[in-house]
Amino acid sequence: MKSPAKTEESFYAGQTRILEMVASDAPLPEILKSSVLLMEKQAEGLVCSILVLSADGIHVQHGAAPSLPEAYVKAVNGAPIGPRNGSCGTAMFLRKPIVVTDVLTDPLWTDYRDLAKICGLRACWSTPILSAQNEVLGSFAMYRQERRGPNAEELSLTQVATHITGIAIGRQRIQQTLHEREARINLAAESADLAFWVIYPSRNAAWMNDKGRAIYGFDANLPLNGNLILSRVHPDERAAVRENFDRACASHGTFESEHRLVLPYGKTRWVIVRGRCLVDEHGNLVELIGVTIDVSAQKQSELQLKNQREQLAHLNRVALMGEMTASIAHELNQPLTAIANNAAAARRFLERGNIDPVLLQQLLQDMIADSQRAGEVIRGIRAMVRKDKSPRSILNLNAIIADTLRLVGSDVVLRESVITTEMDHSLPQVEAVPVQIQQVLINLIMNALDAVEKLPPSERRIVVRTRTDEDGLAEVSVRDFGYGLPKNRPEKVFDHFFSTKQAGMGMGLTIVRSIIETHGGTISAENAPDRGARFFFRLPAARKDQQSQAA
Amino acid sequence: MSNAVESNEVCLVDDDRSVLRSMEYLLASDGLKVRAFNKPEEFLVHAATHPVSVVVTDIWMEGVTGLEILARMCALSPRPRVIVITAREDLAARATAMAIGPVAFFMKPFNDEKFLTAVRDALGQARDQG
């Protein structure tokens with residue numbers, strides 16, 4: 001005979017063992033069976049069973065009944081619950097303990113009486129198993145072969161049993177729900193071509209669905225973590241993405257980012273990532289969950305669109321700025337054509353051996369004249385500018401700059417550059433042809449955009465500044481942060497046909513200088529002390545009486 | 001076969017006098033007979049009253065454009081061969097030139113050998129057709 005203390009101890013040990021099974025996610029039938037056996041061990045002649053309420057909420061399912069006859073178990077499995085459905089079906093239906101002292105006479109047992117009789121069962125006390133949210137999960141029943149109600153010890157055993165099995169079934173339900181939810185999300189993610197991922201910062205671990213591993217280029221079995229996922233981000237964007245991510249973690253907020261991934265073997269993808277933090281009831285960050293969408297295809301067409309827009313912007317610029325260069329090219333090509341033709345004709349006449357000295361004289365004379373004409377075209381750029389009959393007006397250069405920046409706005413955005421202005425609001429007004437000043441500004445700004453083109457986007461800065469110089473002239477400067485002008489002679493950029501650009505004709509700045517000089521101003525170029533080039537032109541202030549008229 | 005002198009004659013139209021003269025010399029140095037027009041209007045008058053087999057014309061002239069010249073040429077029978085020369089480098093000019101369907105197209109300044117070959121080919125075609 002065991003001592004009561006010893007029995008007590010092994011009962012607690014048994015409870016602990018069952019809770020450990022729950023914690024280690026042991027299969028539910030095993031947990032329930034162990035619970036029943038533990039309870040049965042506590043009292044002589046006690047037979048117990050557990051029924052689980054099925055997902056539909058109106059039928060019972062076999063849980064555990066290791067000591068009941070198999071026929072009885074089979075008969076009960078799948079039975080409906082209701083107000084007169086034995087002890088268990090009624091307990092679950094009414095959500096309260098049902099004590100049937102004699103199944104042979106109790107009206108609740110009408111349907112099961114014969115079965116009970118065959119199995120030798122006489123009394124059955126059933127208690128509903130409730131979840132923490134008070135939902136019915138199942139029932140715990142005690143059977144006796146004699147006609148009686150439960151004693152105090154049996155009531156307390158019942159309390160322990162329903163408590164433990166409530167935890168076990170409840171946990172299993174939650175996990176089932178989670179699995180189902182995950183499966184649904186996964187299904188949705190897979191069908192939407194989404195990568196779905198969870199990062200657990202405290203455990204330095206992460207999970208990703210198959211699509212995610214495909215997008216990020218991870219093998220199916222590679223253990224993941226946040227840093228590993230981040231390591232796939234393009235080096236240029238990694239710091240920014242990490243900052244974004246850390247900020248979301250710190251604030252328990254959401255994050256969204258569009259960036260490139262670089263996969264092993266160098267393949268690049270464009271992705272959009274959206275995620276949010278999940279926090280437990282104590283306010284601790286538990287995990288970050290999110291989705292990643294591969295937008296490479298869209299990005300490709302976006303880039304094509306951007307290219308088209310760039311070409312369009314270029315054509316617009318040509319229309320605005322290129323008019324003059326095109327006409328200069330035309331003007332130059334005419335005498336060059338004549339020279340080439342005359343030279344070719346002379347050679348042919350000589351080859352035929354019937355050259356008339358007078359004709360040869362004439363050809364040479366024409367060639368000299370056309371050469372001079374070509375020279376005049378170059379020299380005549382200033383004259384061409386002057387020939388522009390557009391009327392001069394009294395201008396506020398700050399306003400012209402603002403207009404020009406609007407004109408080149410799309411170029412600036414497309415080239416991922418930033419132009420800032422520092423305006424002198426007491427800048428004197430000038431007398432000038434607005435379109436020509438705009439041409440100067442467009443030319444200088446386009447040059448500056450070209451100069452910063454090779455820099456990373458964050459460094460593509462241009463500053464347009466106005467100020468009144470010491471002599472009261474209006475000064476406009478365009479400063480870039482590029483690689484600067486040739487060190488030895490920055491001023492050389494204004495020479496005809498001098499170009500550091502591959503596609504440049506070397507005419508732009510020549511025209512610019514002609515325009516400024518025609519307006520009685522000066523233009524210079526220098527390298528800024530730290531980096532980049534600075535072009536600045538000065539125009540004389542309009543006469544005071546004109547200024548007041550304009551104002 | 002029609003009149004040999006006529007079919008061998010090339011009409012030149014360019015409003016730039018020195019270019020016009022240099023092309024006259026160039027064609028003459030190859031033994032070709034040339035009729036030069038400094039004003040496109042004058043050429044149109046000539047074309048209305050004389051058969052023209054080949055015309056070399058700039059398309060960017062004051063007043064009448066090369067496009068108009070071709071439009072008029074299309075109305076003539078037999079239709080003259082047109083060779084376009086232009087000093088304009090922009091795409092719009094090129095597209096315009098192509099639209100009028102020339103037998104050859106040259107950017108000024110051009111290679112004399114290729115130009116003369118194109119002219120002789122055009123004359124040959126006109127003869128075959130004539």
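The values are calculated or read from the model by the stated rules, or taken from the named source; none is laboratory data. Fair warning: this is a prediction, and the values are worked out from it, not measured in the lab. Virtual Cβ from ideal backbone geometry, glycine too; neighbours counted across all protein chains shown.
Looking across region A:526-541, the residues that are under 42 Å from the mean Cα position of the chain (by Cα), over 14 Å from A:VAL464 (Cα atoms) and in contact (Cβ under 8 Å) with a residue 24 or more places away in the chain come down to A:GLU526, A:ASN527, A:ARG531. Report yes if A:TYR143 is aromatic (Phe, Trp, Tyr), touching a Gly at 6+ places or on another chain (Cβ under 6 Å) and crowded, with 17+ Cβ neighbours inside 10 Å, otherwise no. Answer is no for this residue.
Take the conditions (1) surrounded by fewer than 15 Cβ atoms within 10 Å (Cβ to Cβ); (2) at positive phi; A:GLY86 misses just one of them, which is (1).
Looking at A:VAL291, A:VAL286, A:VAL279, just one residue is under 28 Å from the mean Cα position of the chain (by Cα), more than 14 Å from chain B (Cβ to nearest Cβ), at pLDDT 85 or above and farther than 26 Å from A:VAL408 by Cβ, and that residue is A:VAL291.
Only one entry of A:LEU19, A:LEU46, A:LEU32, A:LEU68 meets the criterion of being surrounded by 13 or more Cβ atoms within 10 Å (Cβ to Cβ), modelled with pLDDT of 90 or more and farther than 15 Å from A:CYS124 by Cβ, and that entry is A:LEU32.
The residues of region A:216-256 that are out of contact with any His (no Cβ under 7 Å at 6 or more places or on another chain), assigned to a strand (DSSP E or B) and either buried (at least 18 other Cβ atoms within 10 Å of the Cβ) or hydrophobic (A, V, I, L, M, F, W, C) (or both), listed by number, are A:LEU224, A:PHE255.
Look at (1) loosely packed, with under 12 Cβ neighbours inside 10 Å; (2) at the interface with chain B (Cβ under 9 Å from one of its Cβ atoms); (3) at pLDDT below 80 and you find that A:ARG352 fails only one, number (3). Only one of A:ALA550, A:ALA528, A:ALA533 is hydrophobic (A, V, I, L, M, F, W, C) and at pLDDT 90 or above; which? So the residue among A:ALA550, A:ALA528, A:ALA533 that is hydrophobic (A, V, I, L, M, F, W, C) and at pLDDT 90 or above is A:ALA533. Does region A:156-193 hold any residues that are more than 30 Å from A:ILE98 (Cβ to Cβ), in a helix (DSSP H, G or I) and not acidic (Asp, Glu), and which are they? Passing the criteria: A:LEU178, A:HIS179, A:ARG181, A:ALA183, A:ARG184, A:ILE185, A:ASN186, A:LEU187, A:ALA188, A:ALA189, A:SER191. With a requirement of 2 or more residues that are hydroxyl-bearing (Ser, Thr, Tyr) and at pLDDT 80 or above, none of the helices (runs of 4 or more DSSP H) lying completely within region A:382-474 satisfies it.
Does region A:175-194 include one or more residues that are of a type in the set (A, V, I, L, M), without any contact (Cβ under 8 Å) to a residue 24 or more places away in the chain and surrounded by 15 or more Cβ atoms within 10 Å (Cβ to Cβ)? Within region A:175-194 (the criterion being of a type in the set (A, V, I, L, M), without any contact (Cβ under 8 Å) to a residue 24 or more places away in the chain and surrounded by 15 or more Cβ atoms within 10 Å (Cβ to Cβ)), the answer is yes, since at least one residue qualifies. Flag: A:ALA55 matches the condition of being closer than 26 Å to A:ILE174 by Cα and at pLDDT below 90.
Restricted to region B:65-130, the set of helices (runs of 4 or more DSSP H) holding at least 2 residues that are under 26 Å from A:LEU336 (Cα atoms), modelled with pLDDT of 85 or more and among the β-branched types (Val, Ile, Thr) comprises B:112-129. Those residues that are touching a Ser or Thr at 6+ places or on another chain (Cβ under 8 Å) and either facing chain B (nearest Cβ under 7 Å) or modelled with pLDDT under 90 (or both), I need them from region A:321-339; list them, please. Once the filter is applied, which keeps residues that are touching a Ser or Thr at 6+ places or on another chain (Cβ under 8 Å) and either facing chain B (nearest Cβ under 7 Å) or modelled with pLDDT under 90 (or both), region A:321-339 yields A:GLN334, A:PRO335, A:THR337, A:ALA338. If only residues of region B:51-64 that are within 14 Å of chain A (Cβ to nearest Cβ) and at pLDDT below 70 are counted, the one that is nearest to B:ASP16 (Cα to Cα) is B:MET61. For region A:66-125, the set of residues classified as of a type in the set (Asp, Glu) and either in a loop (DSSP other than H, G, I, E, B) or within 58 Å of the chain's Cα centre (by Cα) (or both) consists of A:ASP102, A:ASP106, A:ASP111, listed by residue number.
For A:THR110, the requirement of being modelled with pLDDT of 90 or more and over 16 Å from A:GLY166 (Cβ atoms) is not met. Specify the residue that is modelled with the lowest pLDDT; the eligible residues are those in region B:23-40 that are more than 9 Å from every other protein chain (Cβ to nearest Cβ) and crowded, with 20+ Cβ neighbours inside 10 Å. Only one residue tops the list, namely B:PRO40. Within region A:422-438, the set of residues being within 15 Å of A:THR468 (Cα to Cα) and free of Cβ contacts under 8 Å to residues at least 60 places away in the same chain comprises A:GLU422, A:MET423, A:ASP424, A:HIS425, A:SER426, A:LEU427.
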